[in-house]
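One structure is given below, encoded as structure tokens.
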Amino acid sequence: MRSYLLLLIPSDTYRAADFLSAANAVGIEVIVACDQHQTLEQTVSGKLLTLDFLDLSASIKRVTAFSKDYPIAAVVPTEESATLLATALSEALHLPHNPLSAVEASGNKRKLRECFKDKGLPCPDFQVHPLNQPPETIAQSLAYPVVLKPTSLSGSQGVIRADNPASFLAAFKRIKHLLNHPDTIRRKGKSPEEILIEQYIPGQEVALEGLLNNGVLSCLALFDKPDPLEGPYFEETLYVTPSRLPQALQEKVITAVSAGTKALGLKEGPVHAEIRVNGNTPVVIEIAARSIGGRCASVLRFGTGYSLEHIILNHALGSPIPSLQREKQAAGVMMIPIPKAGILKEIQGLTTAKQVEGVIGIEMTSLLGQTLIPLPEGRHYLGFIFAKGPSPEHVEAALRQAHQALSFVIS
Ligand code: ADP
Ligand code: CA
């Protein structure tokens, strides 16, 4: 009997097309599960499902019944918001998967910190403060600078550095407001109840893109983040690979991430980690049980031209992976940050930006007429610039030049 790939595609995904074309390349038939009702669902019976990504038990029931007619060979999420459900479904269908508790811990900043501290891994001092308790007493007791963050959001949403009690109180209030916002509650299914407060770790930041296979981590790409990330908000901009860190330090970073995945109990599939290199010590800020977000993965190619999504699907299906070796040339992406709040009226300079040597593409993901919300409340980017070149320096320069050529009319 033929078997299927179940792709969990949240309605706000950036990566549906990349995963669908990877499935096509791998040669597996796809069933799409979305978190919003599809009008076509009845018409293309067996091809489309609507699932509540937050209601694990109802979704398990639905998919288990469905799989009697359509045997499922793998369940793959395209975004972080579908990761937990994908794990729960894989467990129910007896497919290889991460322990649910490990995925839960990687998606919850408090649990991740507690786990690292427990296992003796480098970890900033931290404490957790309930949203409904006045923060004034704690503001006086902290060793500044600190970073405040919601425990279960991502993309730096609500992550704020505070250097003194006054900025701490302002940040606390701002995060509380964000966590009580109807949009946050709708996405999370409930209002998050606590704020994590941790010591600020100085140092250069890198990001590791990896794949776990039976508990063994392979590094697919190590990215430098050449823009300083010193706060008060931590908007991602440049990602450039290969890293320019000394080789020995790169090895240490990989070892630290590998230790982190073991501590969490993650065993299978993609991981995306952020690491601060504090002097000579890599401190893992976060390990997510998913691949790199936004449109960033499209700049990665492996072996004879395989996409990251192709590799993820091969792994999930238990098929041989052609290559984990990224292509020779340097590659990078600029996530174009939202410079101010307002309505996007016009994008200028696109043609010039696209002509910058080394730039291989620009994708605007915000639409004209769209309301833009910058960090720390926002969670979107204007778009993405991609570049490749003979060295990371070339790539960084191309991305900066293209970004400078762009201007955005926001009213
Ligand atoms: P998110 O899941 O929202 O991306 P992170 O915990 O990864 O949240 O934080 C986002 C960014 O904020 C990090 O990439 C880093 O630049 C910065 N950051 C977070 N925590 C710290 C910290 N303790 N010290 C210094 N920078 C931090
Ligand atoms: Ca992060």
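Considering (1) of a type in the set (Ser, Thr, Tyr); (2) buried (at least 22 other Cβ atoms within 10 Å of the Cβ); (3) within 16 Å of ligand 2 (Cβ to nearest atom), say which one Thr241 fails and leave the rest.
Evaluating Thr241 over (1) of a type in the set (Ser, Thr, Tyr); (2) buried (at least 22 other Cβ atoms within 10 Å of the Cβ); (3) within 16 Å of ligand 2 (Cβ to nearest atom) leaves (3) as the failure.
When the residues of segment 261-289 are narrowed to those that are in a loop (DSSP other than H, G, I, E, B) and in contact with a strand residue (DSSP E or B) (Cβ under 7 Å, 6 or more places away or on another chain), which ends up nearest to ligand 2 (Cβ to nearest atom)?
Ala289
Do we find a residue being within 16 Å of ligand 2 (Cβ to nearest atom) and surrounded by fewer than 18 Cβ atoms within 10 Å (Cβ to Cβ) anywhere in segment 185-200?
yes
Here's the yes/no breakdown for (1) crowded, with 20+ Cβ neighbours inside 10 Å; (2) farther than 19 Å from Pro96 by Cβ; (3) under 14 Å from the mean Cα position of the chain (by Cα):
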{"residue": "Cys296", "(1), (2), (3)": "yes, yes, yes"}
{"residue": "Ala316", "(1), (2), (3)": "yes, no, no"}
{"residue": "Pro322", "(1), (2), (3)": "no, yes, no"}
{"residue": "Ala331", "(1), (2), (3)": "yes, yes, no"}
{"residue": "Ala341", "(1), (2), (3)": "no, yes, no"}
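Would it be correct to say that Ser154 is touching a residue at least 12 places away in the same chain (Cβ under 8 Å), polar (S, T, N, Q) and either surrounded by fewer than 14 Cβ atoms within 10 Å (Cβ to Cβ) or within 16 Å of ligand 2 (Cβ to nearest atom) (or both)?
It is true that Ser154 is touching a residue at least 12 places away in the same chain (Cβ under 8 Å), polar (S, T, N, Q) and either surrounded by fewer than 14 Cβ atoms within 10 Å (Cβ to Cβ) or within 16 Å of ligand 2 (Cβ to nearest atom) (or both).
Does Arg62 satisfy being assigned by TED's automatic domain parsing to the domain that holds Ala263 and more than 21 Å from Leu212 (Cβ to Cβ)?
The answer is no for Arg62.
Is there a residue in segment 225-241 that is in contact with an Asp or Glu (Cβ under 6 Å, 6 or more places away or on another chain), under 28 Å from Pro322 (Cβ atoms) and part of a strand (DSSP E or B)?
Among the residues of segment 225-241, at least one is in contact with an Asp or Glu (Cβ under 6 Å, 6 or more places away or on another chain), under 28 Å from Pro322 (Cβ atoms) and part of a strand (DSSP E or B), which makes the answer yes.
Report, by residue number, each residue of segment 321-339 that is in a loop (DSSP other than H, G, I, E, B) and of a type in the set (Val, Ile, Thr).
If the condition is that a residue be in a loop (DSSP other than H, G, I, E, B) and of a type in the set (Val, Ile, Thr), then Ile321, Ile338 are the ones that fit.
So in segment 394-411, with the set limited to residues that are assigned to a helix (DSSP H, G or I) and touching a Lys or Arg at 6+ places or on another chain (Cβ under 8 Å), which one is surrounded by the most Cβ atoms within 10 Å (Cβ to Cβ)?
Across segment 394-411, the extreme among qualifying residues is Val395.
Evaluate the following for Leu344: is it assigned to a loop (DSSP other than H, G, I, E, B) and aliphatic (A, V, I, L, M)?
no
The values are calculated or read from the model by the stated rules, or taken from the named source; none is laboratory data. Remember, it's a predicted structure, so these values are computed and weren't measured experimentally. When we count neighbours, we look across all protein chains shown, and the Cβ atoms used for this are built from the backbone with ideal geometry, even at glycine.
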